[in-house]
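Heads up: the structure comes next, in C-alpha cells.
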Amino acid sequence: MDNKNVITGINGPVVTITDTDAFSMLEMVYVGDERLIGEVIDITDKKTTVQVYEDTTGLKPGDIVEGTHSPMGILLGPGIMDNIFDGIGRPLKAIEEISGAFISRGAAVSSLDENRLWNVQLCVKAGDKLSGGSIYATCEETEIIQHRCIVPPDLSGIVESVMPDGQYKVNDTVAVLKDNNGVRHNLTLCHYWPIRTPRPVKKRLPATIPLVTGQRVIDTLLPIAKGGSAAIPGGFGTGKTMTQHQLAKWCDADIIVYIGCGERGNEMSQVLSEFSELIDPKSNRPMTDRTVLIANTSNMPVAAREASIYTGITIAEYYRDMGYDVAIMADSTSRWAEALREISGRLEEMPAEEGFPAYLPSRLSEFYERAGRVKVLSGKEGSVTIIGAVSPQGADFSEPVTQNTKRFTRCFWALDKSLAYARHYPAINWMTSYSEYFSDLDNWFATNYGEDFIRLRQSVNYLLHEEDRLMEIVKLIGSDVLPDDQKLIIEVARVIRVGFLQQNAFHQEDTYVPLEKQKKMMHVIIHLYQKAKVLVSTSIPISRITQTGLFDKLTKMKYDIPNDRLDMFDDYIEQIDTALASISHI
Amino acid sequence: MIIDYLGVKEINGSLIVLDGIKNASYEEIVDINLDNGTSRRGRIVQIDGERIVVEVFEGTRSISLNNTKTRLLGRPMEMPLSPEILGRVFNGAGKPIDGLGDIFPHKRMNINGTPINPVSRTYPHNFINTGISTIDTLITLIRGQKLPIFSGSGMRHNELAVQIIRQAKLSDDEQQNFCVVFAAMGVKNDVAEYFRKSFEDSGVLQKVVMFLNLSNDPIIERTLTPRCALTAAEYLAFEMDMHVLVIMTDITSYAEAVREFSSSKGEIPSRKGYPGYLYSDLASLYERAGMIKGHKGSVTQIPILTMPNDDITHPVPDLTGYITEGQIVLDRSLEGQGIYPPVGVLPSLSRLMKDGIGEGFTREDHAPLANQLFAAYAKVMDARLLASVIGEDELSAIDKKYLQFGREFESVFVNQGLTDNRSINDSLNLGWKLISLLPRSELDRIDDALLDKYYVNNDCE
C-alpha cells in the first residue's frame, strides 16, 4: 500500500481517493505536497472521501494522501488560555509568524507552544494510584487560571516515578504511570483528545445554579443555569454578537471559550483588543486571562469552520474536567450548519429541508448535549454552558436551524428587529423568548436573594404581558380612551421596558448590574405601581401622578444609582411615598 | 512539455468537460483555442480522475465537440499588478480594455486572495466624513469597513455612491493616498458611463481603477470581476499604502451569475436556487476589507445591491447583511417623496460606528444623540401607524409632536441634496435642533449633562 494513496478527484474542499482501504473513518490525513490537513468523512469499497481544511487550489490528481492513524484531535495542555486558534486548533499568532498577515496553506504548528517553560508543581508521589481525570500536576497558566494537568480519561495505574517541582515544557515527562498490564506511560503536561468525542464524566448533576450575567433581562426574566444551553436567534443587526460579547465579558463563569464560527474578521480583532483592555472586576486582570478564542472567519476554509465548534467544546470540556465553570459563546451556529450543508452538497447527499442534510438535527443535539453541570472524573464539580447564536435566513424563525436548535436548548432569547430598530438593546423580545430553568433555579434565587425576588419577577412579568395585551387596543383606538388603571399599567410597563429591560452596554454603571441592584430596581418600580394603583382606585387622575416626574426618575435610575450605592434605593422609596402622599392629601 | 488537448467531451452552459487530461490541478487556468483562430480562457472547477470540468469565461458559443485545442497553463488565475493600474480600465477578467496596452507587472497575485489572519487585523476606528448627515450621524462609515447600500431598481444609489466618493475625498487629510477601485458587474453601459463621468468631473479619474463587466458581457467573467478588483485593491492598500475605497455594483447580478454557474454544474440548490455556499462565496469578497497591522493602507468597501422586489429577506441582501458591518438601506417611499438621499434610517446600521465616534473622534454627544434620534424616529413610525387608523386629530399631544418631528427629520435631516456637503458638527447640531422639537422628558437616551449643554429650549414659542 505504501504511498499509493493518491488523489483522484477534487471538488471544492472535497477530495476523493479510489481503491484504498488504508483509512479509517474520521481519520486525520495530510493531503498533497503542502501537507494540507484533512479528515476522512466517507468510505466505500470504491472510494474514500476526504474533506480538506484548507484551500484546495492547485491540488492535482496523483498527489499523495498520507494517513495519521488517529482521528482529528487537539493537543490539550497549558498555553491554551489567552490564545487564539483557527478552526482546527492552530494558534493564529504562530501562523502569523510563519506566513505574515495573510494565512497561507499547510502551516504545521502545534496548538501549544512547545518551547515555553511552565512552573510546575507536582501533586502526586510514587506509589499513588491514579485513574482517568486525576490531577497530577498544576501550573499557573495565567494569573487567574491555575492549570491542572489531568490523567487522560482512558488511562489509570500506579505512579512509578515523579520528577521534582520545577520548570518544564509541555512535552517533558513529569511522571511515569504503570497501568494494570504493566505498561509504562509517560505523563507530560499535555495530552491529545479527538475533538468529536465528548470527554467522559462521572455523573451529571442537575442545573440548579444560575449563570449570573449582570444583564437584567436575562438574569431576572430569562435566566440560564450553569451547565445549561441557550440559543440567541436574530436577523442581522439585531445584536447577537453584541449580546454574546456582553455575556462573555460579564458572566460569572471561570473561563470563556469564544468561537467565532464563520463570522467577521474585524469582530474577532475587536474581541482581541477590547478584551485585553477590559479589566475583570472580580480578579483585576484583563479579560483575556480567562478567555480562549477560536476564530474561523467567514472567508477561512469552510471545512475548518465545521470543525471549529468541536475544537471549542473540546477545550471547554478539558477545563471543565479541571473543575472550572466554562461558558461557550458560539457565534454563529448557523454558519456551522451551512458548512455542514456545503460539505453535504459536495458529497451529493440527499438533502432534507432547505438543502440541509438530514443529519442536521442529530448533529445539533450532539453538540448541545455536551453542555452540562457534572461531577468530573476526579470528583470535582464543573460545568459547560453553551450559548449559541443562530442567524436565521431572512430573520425567519421557522427555518430548520432555528427550529432544531429550539428543540435542544432550554433557553430561547429571541432577538427582535423592531426593538433593534428603536435601538432597544439587548433586543431580547420578552414576549417570544422563554427559559425553562425557572423551576430549577427558583430555589437558588430564594435562598440567596429572598422569596420576594421571585415575587417581584412575577409582578414585572405580569405587567409586561398586560401591557402587550393593552397595546393591541391602543394600536386600534389610541391610548386616550383607556381607563386610568390601564393607563397606569402602560406607564409602569414603559418604565420597565426603558428603565429596566433596556441596558446600555457602553455605560460604565449599566453595562454590568449585580443581582442585588436588579432586585432593588424591580422593587422600586413595583412599589411605585402598587402605591399609584391605590391612588388611581380612589379616582385620582393618572395625569396627576405622572406630573410628579416619578416615572421619568425611575427610568433613569439605572444611570443615576451607581452599583456601589444601593442605599440610594431607600431614598427613592421615600420620595415615592412622600410625592404620592402629597397628591392623595389634596 | 506543453500538450494541446483536442476537442471536448461535453458542453453544458458555460462548462465544458474534457477527458484524458493528465496533471491538471484544481483551479488551474486553461486556454481554449478555437479553429477560427480566436481563443478563450477557462478555469478548472472540478477534477474526477482524468475527466475535468472547465468553466469558460467568455461562454461556450460556437464551441463544438471537436473544434478546440485546450492548453493547461499550470497556474491559477492571477492578476498582473503595478502602480500603473491607477487610471486604467479593465474588463471583468482583468484584461485592459482601454487600448493603452498590457500592464507591465510588478507582481502577480492570485485573484482568490488569502484570508487575512484575524490576529493581524487592526480594529478599524477612523471615521470617514462623508458629508451626508444620515450617514455621518447615524450610520457612521469607518475606514476599513464594509458597508453595503441596499437599494432597489430605480433608486438613486449610484448618485449616493458618487457623492460619498466625492465628499469623502475632500475631507481626507491624506488625499495623496486616496484611490478608488470600481467594479461593475452586470450593470448597464449608461451606469458605468455615469460613474466614469462623475469620476472625471470630480477630478479623481487618475485615481480610479475600473473593472467593467457590463450586462451584455459574459456571465462567468462576472464571477471574476470582484475578485480582480479586490486583488487590485489589496495590492494598492497593502503594498502601496493607499486608502482604497472599493465600490462594487451590483452584487445581485454577481450572485445570479454564481447561481447560473452552480446550476449548470448540477449542484444542489438551497434558497431560491442559489447554491448552499453563497454565504461563503460572498464572504470571500466582503472579508477582503480591513486594515492590517504594520500597513498604512486600508480597504473600505461599499458594495451596492438591488434588492429584488425591495425584499430585504431575499438571500442576497440577507446573506450580505450577515457578513458586512452594517448596511445603508434605501427606502422607496422616501424616494417617492423626492427626498435625497432616501436613506431608510431605521433598518440601517453601522456596526463599527460605536468605536469610531464620540470624544476624540467626532463629538462627545454623538452616540447618545444618534441613539435618541433612532428611538424617536421609531416612535414616529408608531404614531403614523396610529394616525392612519384613528386620524391625526385624535392623537395625543405628544404623538402629534412626534409626527412633527418625523416630518422635519425627513425633510431637513435626511433630505440634503446632491451637492450639500455638511460637516459632522453641522449634522450633529441639526440633529439637536430637531430632537429639541420633542419635550425634554421624552429624551430618555441622553443624560442630563448633555441635555443641559445641547438641548435647544423652545419654550419661547
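A single member of A:365, A:391, A:439 is over 30 Å from residue A:43 (Cβ atoms) and either in contact with an Asp or Glu (Cβ under 6 Å, 6 or more places away or on another chain) or surrounded by fewer than 22 Cβ atoms within 10 Å (Cβ to Cβ) (or both), and it is A:439. Being facing chain A (nearest Cβ under 7 Å), farther than 30 Å from residue B:440 by Cα and not in a helix (DSSP H, G or I) is a description that does not apply to residue B:300. I'd like to check something: does the range B:436-445 contain any residue that is more than 14 Å from chain A (Cβ to nearest Cβ) and either of a type in the set (Asp, Glu) or under 30 Å from residue B:360 (Cβ atoms) (or both)? The answer is yes, given that some residue of the range B:436-445 is more than 14 Å from chain A (Cβ to nearest Cβ) and either of a type in the set (Asp, Glu) or under 30 Å from residue B:360 (Cβ atoms) (or both). Every test in (1) within 13 Å of chain A (Cβ to nearest Cβ); (2) surrounded by fewer than 17 Cβ atoms within 10 Å (Cβ to Cβ); (3) out of contact with any Leu (no Cβ under 9 Å at 6 or more places or on another chain) is passed by residue B:367 save one, and that test is (2).
Considering A:373, A:341, the condition of being buried (at least 20 other Cβ atoms within 10 Å of the Cβ) and assigned to a helix (DSSP H, G or I) is satisfied by A:341 alone. For the range B:247-280, the tally of residues that are more than 8 Å from every other protein chain (Cβ to nearest Cβ) and crowded, with 18+ Cβ neighbours inside 10 Å stands at 17. Checked against (1) within 27 Å of the chain's Cα centre (by Cα); (2) at positive phi, residue B:49 meets all criteria but (1). Of all residues in the range A:255-283, those satisfying the criterion of being in a loop (DSSP other than H, G, I, E, B), more than 8 Å from chain B (Cβ to nearest Cβ) and more than 17 Å from residue A:242 (Cβ to Cβ) are A:281, A:282, A:283. Of B:78, B:58, B:84, all but one fail to be more than 20 Å from the chain's Cα centre (by Cα), under 28 Å from residue A:54 (Cβ atoms) and among the acidic types (Asp, Glu); the exception is B:78.
Restricted to helices (runs of 4 or more DSSP H) entirely inside the range B:171-248, those with at least 1 residues that are within 23 Å of residue B:297 (Cβ to Cβ) are B:189-201, B:225-238. Out of B:326, B:358, B:321, B:417, one residue alone is modelled with pLDDT under 95, surrounded by 19 or more Cβ atoms within 10 Å (Cβ to Cβ) and on the phi > 0 side of the Ramachandran plot. It is B:326.
So, in the range B:26-43, of the ones that are at negative phi, surrounded by fewer than 22 Cβ atoms within 10 Å (Cβ to Cβ) and not charged (D, E, K, R), which residue ends up farthest from the other protein chains (Cβ to nearest Cβ)? Per the criteria, the residue is B:36. Criterion first (surrounded by 14 or more Cβ atoms within 10 Å (Cβ to Cβ) and touching a His at 6+ places or on another chain (Cβ under 9 Å)) does residue B:428 satisfy it? Criteria met by residue B:428.
Selection of the range A:231-241 for residues being in contact with a helix residue (DSSP H, G or I) (Cβ under 9 Å, 6 or more places away or on another chain) and either within 12 Å of chain B (Cβ to nearest Cβ) or not hydrophobic (A, V, I, L, M, F, W, C) (or both) yields A:233, A:234, A:235, A:236, A:237, A:238, A:239, A:241. Would it be correct to say that residue A:494 is surrounded by fewer than 18 Cβ atoms within 10 Å (Cβ to Cβ), in contact (Cβ under 8 Å) with a residue 40 or more places away in the chain, part of a helix (DSSP H, G or I) and within 41 Å of the chain's Cα centre (by Cα)? The answer is yes for residue A:494. Condition first: part of a loop (DSSP other than H, G, I, E, B) and within 11 Å of another protein chain (Cβ to nearest Cβ). Now tell me which residues in the range A:527-565 satisfy that. Passing the criteria: A:549, A:556.
Checking the range A:466-479 against the condition returns a match, with at least one residue being within 14 Å of another protein chain (Cβ to nearest Cβ) and assigned to a loop (DSSP other than H, G, I, E, B). Considering the range B:340-355, and only residues there that are surrounded by 23 or more Cβ atoms within 10 Å (Cβ to Cβ) and either at the interface with chain A (Cβ under 9 Å from one of its Cβ atoms) or in contact with a Phe, Trp or Tyr (Cβ under 9 Å, 6 or more places away or on another chain) (or both), the residue that is nearest to residue A:241 (Cα to Cα) turns out to be B:351. Scan the range B:197-205 and tell me whether some residue there is at pLDDT below 90, on the phi > 0 side of the Ramachandran plot and surrounded by fewer than 22 Cβ atoms within 10 Å (Cβ to Cβ). Yes, some residue in the range B:197-205 is at pLDDT below 90, on the phi > 0 side of the Ramachandran plot and surrounded by fewer than 22 Cβ atoms within 10 Å (Cβ to Cβ).
The condition of being hydrophobic (A, V, I, L, M, F, W, C), within 14 Å of chain B (Cβ to nearest Cβ) and either in contact (Cβ under 8 Å) with a residue 40 or more places away in the chain or part of a loop (DSSP other than H, G, I, E, B) (or both) holds for only one of A:10, A:37, A:95, A:41, that being A:10. Among the residues making up the range A:394-428, those that are out of contact with any strand residue (DSSP E or B) (no Cβ under 7 Å at 6 or more places or on another chain) and in a loop (DSSP other than H, G, I, E, B) are A:396, A:398, A:399, A:416, A:422, A:423, A:424, A:425, A:426.
Within the range B:311-339, if we keep just the residues that are hydrophobic (A, V, I, L, M, F, W, C) and more than 16 Å from the chain's Cα centre (by Cα), the residue that is farthest from the other protein chains (Cβ to nearest Cβ) turns out to be B:339. Within the range A:350-402, the set of residues being at positive phi and more than 12 Å from every other protein chain (Cβ to nearest Cβ) comprises A:372, A:379. If you take the residues in the range B:141-160 that are buried (at least 23 other Cβ atoms within 10 Å of the Cβ) and away from chain A (no Cβ under 14 Å), which one is nearest to the chain's Cα centre (by Cα)? My answer is B:149. Look at residue A:414 and say whether it is buried (at least 21 other Cβ atoms within 10 Å of the Cβ), in contact with a Ser or Thr (Cβ under 8 Å, 6 or more places away or on another chain), within 14 Å of chain B (Cβ to nearest Cβ) and in contact (Cβ under 8 Å) with a residue 60 or more places away in the chain. No: the conditions fail for residue A:414.
Just one of (1) assigned to a loop (DSSP other than H, G, I, E, B); (2) over 30 Å from residue A:187 (Cβ atoms); (3) within 13 Å of another protein chain (Cβ to nearest Cβ) fails for residue A:20. It is (3).
Only one entry of B:111, B:116, B:29 meets the criterion of being within 30 Å of residue B:237 (Cα to Cα), in the same structural domain as residue B:261 (by TED's automatic domain parsing) and in contact with a Leu (Cβ under 7 Å, 6 or more places away or on another chain), and that entry is B:111.
The values are calculated or read from the model by the stated rules, or taken from the named source; none is laboratory data. Note that this is a predicted model, so its numbers are computed, not measured. Virtual Cβ from ideal backbone geometry, glycine too; neighbours counted across all protein chains shown.
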